[in-house]
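Let me give you the structure first, and then I'll get to my questions.
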Amino acid sequence: MVIFSYIEYLKYSRIIKEEYSLNEEVAEYKYDNKKINHIHDKTFRKILDDKKEFTIFINKIFNLEERLEEKDIEKYNRKFVSVDYTNQESDVIYKLKNKEIFILVEHQTKIDKKMPIRILKYELEIIRSRMDENNRLEFPIIIPIVLYTGKQRWNAKINYPSYNSELARYRGLKKVEYNLVDINDYTIEDLYKENSILTKIMILEKSNKYIEIINNVDKIVNIVYDSKLYTQTQKEMLLNILNNTMINIVGNKKMKEYKIKLEGGENMLALYEMIENERNEIYSTGIKEGKVKGKIEGKIEGKIEGKIEGKIEGIKAIAKKMLRMKFDKDTIMKATGIKEEELEKLKK
């Protein structure tokens, strides 16, 4: 694990001039539906703003023996602002409760050769601001992380910046380090094994073909719906992300199905509305078919038979659709009135 301490601060603060300030962050991150049709920085920031997601992420990448829990951390609501106010950074910063230990996460979709210097500037500013606020003798420690989700492998580590013309002015620097999490180090199978929304969104980032994205979205929704390891907050987070980034790919009808599943009990009214609409549609079809059958056979029973048959087949069709949508059997039985024995037959 790479850390940045007060010793490094004293060493590098003489070389790096002050370029950022840390201001309190009050604005909420919101999607712009008109502009967003892909996964980007705001998505990962939104996920890591959730304490459960953040602790899963940290425990995994550092393989901690003593697991970090939600109660151990607090959000450090600060954002970096350049001295000329032309550039606002949106890193995720957490602080360990009752300790001067900070975890800084910077998400990147593209390789940035200047990343080591940028991370260093953030580290310097965190310590500088804390020393201004805190007169105690406990010096801050920073754990810097770069989460990279681009297609090519990250290759921006710098050991001797003086050889790089862009970084020639930082001649006093010999080595700048940070903890790197590169999406290319993980397979889709690896990511499916982890129980977090972050890894599920990383799967979509790694999906290249259109059909692959559609299949993975469907699989992810079913996994999150079926598992008891995801909270309702996480499910709603996933739904929000998919609704804002994948609706043009999966379509409105499929997204409505995902909404019904992921919103759980809160959206049972929409579920029953969908079932009732489909029941009426199939039922009407059954009646029409029964009338035709009655005319052909010249029997009034055809109408009655059509009504009964249409209703039964309609219920079965709805139950089958709910099975395909991976609803649990209790929900299906409650919604359709179908018996458990009949439901088992429909599974075959």
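The values are calculated or read from the model by the stated rules, or taken from the named source; none is laboratory data. Just so you know, these numbers come straight off a predicted model, no measurement behind them. Counting neighbours? That spans all protein chains shown, and the Cβs are built from the backbone with ideal geometry, glycine included.
Please pick out the residue among ASN244, ASN252, ASN248 that is surrounded by fewer than 21 Cβ atoms within 10 Å (Cβ to Cβ), over 30 Å from ASN63 (Cα atoms) and free of Cβ contacts under 8 Å to residues at least 12 places away in the same chain.
On the way: ASN244 fails: free of Cβ contacts under 8 Å to residues at least 12 places away in the same chain; ASN248 fails: free of Cβ contacts under 8 Å to residues at least 12 places away in the same chain.
None of the others qualify; the one that does is ASN252.
Tell me yes or no: at least one residue of the range 113-134 is modelled with pLDDT under 90, surrounded by fewer than 20 Cβ atoms within 10 Å (Cβ to Cβ), touching a strand residue (DSSP E or B) at 6+ places or on another chain (Cβ under 8 Å) and not in a helix (DSSP H, G or I).
Yes; the residues of the range 113-134 include at least one that is modelled with pLDDT under 90, surrounded by fewer than 20 Cβ atoms within 10 Å (Cβ to Cβ), touching a strand residue (DSSP E or B) at 6+ places or on another chain (Cβ under 8 Å) and not in a helix (DSSP H, G or I).
Determine, yes or no, whether GLY306 is surrounded by 18 or more Cβ atoms within 10 Å (Cβ to Cβ), at pLDDT below 80 and either closer than 30 Å to GLU205 by Cβ or touching a helix residue (DSSP H, G or I) at 6+ places or on another chain (Cβ under 7 Å) (or both).
Criteria met by GLY306.
Tally time: how many residues in the range 205-241 are over 20 Å from MET325 (Cα atoms), in contact (Cβ under 8 Å) with a residue 60 or more places away in the chain and surrounded by 16 or more Cβ atoms within 10 Å (Cβ to Cβ)?
1
Another question about this same structure. Could you please give the count of residues in the range 55-74 that are in contact (Cβ under 8 Å) with a residue 12 or more places away in the chain and either over 18 Å from the mean Cα position of the chain (by Cα) or more than 16 Å from VAL92 (Cβ to Cβ) (or both)?
Total satisfying the criteria: 8.
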